[in-house]
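The values are calculated or read from the model by the stated rules, or taken from the named source; none is laboratory data. None of the values given here were measured: they were computed from a predicted structure. Neighbour counts run over all protein chains shown; Cβ positions are idealised from the backbone, glycine included. Surface areas here come from the heavy atoms of the whole protein model, side chains and all, with no ligands, DNA or RNA. Shrake-Rupley method; radii C 1.70, N 1.55, O 1.52, S 1.80 Å.
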Amino acid sequence: MKNWTPRQQWFYALLAVGALAVVLGWTVETETMLLCTLIALTAVSIWQMLVVPKDRPSSPEEVDHERIATLMARLDRYRLSLSALPEGVILIRRGMTVEWCNPAADRHLGVNLDEHMGIWIQSAIKSQKVRDYLHDGVFDEPIMVASNEPGHELLLRVYVADDTHVIIVTQDITEQRRIDAMRKDFVANVSHELRTPLTVITGFLDMILHGDEMPPETRQRQLELMKDEASRMHSLVNDLLALSRLENHDESERRHPDIVSMSRMVKSLFEEAKTISNGFHRLSLVVETDTAVEGYPNELRSACMNLITNALRYTPRDGEIEIRWSYDERRKVAVFAVKDTGIGISSKDLPRLTERFYRVDKSRSRETGGTGLGLAIVKHVAMNNRAQLKIESELGQGSTFSLEFPSIILIR
């Protein structure tokens, strides 16, 4: 009833009175019926007089008040949404004073509402570059400025909203710049890695095709070098394709993981390692558990073999290499580990080891046939199989590379 309009209330009240009159007409005398109907009409009129003023149409002042309240509630919602944005937003009104800003603006430019509301923007912003940009008043192109957060960089844009308001928007582009730099480095590294073997191959071919007669043993040595360079180029292309597949796999098309018997795989990898080492290293195998894992066998085999071949490449002749598959009862993780007594890695190089083409010793990597992509592949395989790559090393003291598998994917 509360939602009925006054006209609807009158209509239903009169309808009720009419119904009452009909009923009384069948049950009582006419005089009594008329008297009761009159009393009912009087009661309805009094009720309407008392109720209708409460539900009367709002006055113009009340309508304006409700409209303002609605607009303020909507404005609060907009401000709440803008406050959650990672981009900094500063609203400036006529006179270039701060009218509103979100928390990100404080992180980026040091402008906050408590301190700078109503303050001239030029005194609120510390960056001279931003102040000059605002003073010039030409906002066709954005500018890049340093953020108040150390090591971060911002892209700043200014939008003229209307005749009385200007909006400053800042976007943290630090991560984007880092990715762009990595992409450029990647292209440069691939070009360099492919250029070297191609230069060797084309140079020798040119000597063979256009040079004077050469001794058979010289020709044979050059052909062997070309074969080695072609093989290294082939390995590089294979690793690039493998890394691309790992980085861009489509989860919707990916099959379900299999049950992988790691103890059996590790024993097979150990036999393969003995063949690659050709007796140059002292290899040992430790299998302490039959724990299996949920994962993708080909990927896991590739990652484990990458760790083994790295140890073989960087461990001197007669050095020791231990391949281990174990279960850590305290941490509830299964661990595949390759421990060597090789050249080791300095602490400054450890954080960058899984970057594509990053090499601690570039000349030695080329001598041993590395492509610089092995650990990047291992890292992505670990992510795809819910494992974690751990690296422990000290320069001159050897290294331990481990893949740790959490209990959620273990089958015991």
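Output the number of residues of segment 282-295 satisfying the condition of being open to solvent by less than 30 Å² (accessible area, probe 1.4 Å) and of a type outside the set (A, V, I, L, M, F, W, C). So the answer is 3. Scanning for something without any contact (Cβ under 8 Å) to a residue 40 or more places away in the chain, within 30 Å of Ala104 (Cβ to Cβ), under 30 Å from the mean Cα position of the chain (by Cα) and loosely packed, with under 12 Cβ neighbours inside 10 Å, does segment 253-265 turn up at least one residue? No, the conditions are met nowhere in segment 253-265. Among the conditions (1) outside any strand (DSSP E or B); (2) in contact with a Pro (Cβ under 6 Å, 6 or more places away or on another chain); (3) not charged (D, E, K, R), Gln176 misses just one, which is (2). Of the set (1) under 12 Å from Ile90 (Cβ atoms); (2) open to solvent by less than 30 Å² (accessible area, probe 1.4 Å), all apply to Arg157 but (2). Residue count for segment 160-170, restricted to those that are polar (S, T, N, Q) and loosely packed, with under 10 Cβ neighbours inside 10 Å: 0. With modelled with pLDDT under 90, surrounded by fewer than 21 Cβ atoms within 10 Å (Cβ to Cβ) and more than 30 Å from Ala188 (Cβ to Cβ) as the only criterion, which of Ile343, Ile411 stands out? Result of the check over Ile343, Ile411: Ile411. Could you go through segment 77-87 and let me know if any residue there is farther than 30 Å from Ser231 by Cα, in contact with a strand residue (DSSP E or B) (Cβ under 8 Å, 6 or more places away or on another chain) and among the aliphatic types (A, V, I, L, M). Among the residues of segment 77-87, at least one is farther than 30 Å from Ser231 by Cα, in contact with a strand residue (DSSP E or B) (Cβ under 8 Å, 6 or more places away or on another chain) and among the aliphatic types (A, V, I, L, M), which makes the answer yes. Looking across segment 369-390, just one residue is closer than 16 Å to Ile323 by Cβ and either surrounded by fewer than 19 Cβ atoms within 10 Å (Cβ to Cβ) or out of contact with any helix residue (DSSP H, G or I) (no Cβ under 9 Å at 6 or more places or on another chain) (or both), and that is Lys390. (1) open to solvent by 90 Å² or more (accessible area, probe 1.4 Å); (2) assigned to a helix (DSSP H, G or I); (3) of a type in the set (D, E, K, R); (4) closer than 22 Å to Leu225 by Cβ: which one isn't true of Lys184, the others all being true? Just one mismatch for Lys184, condition (4). The strands (runs of 3 or more DSSP E) found entirely in segment 79-154 that carry 3 or more residues being open to solvent by less than 40 Å² (accessible area, probe 1.4 Å) are 88-93, 97-101.
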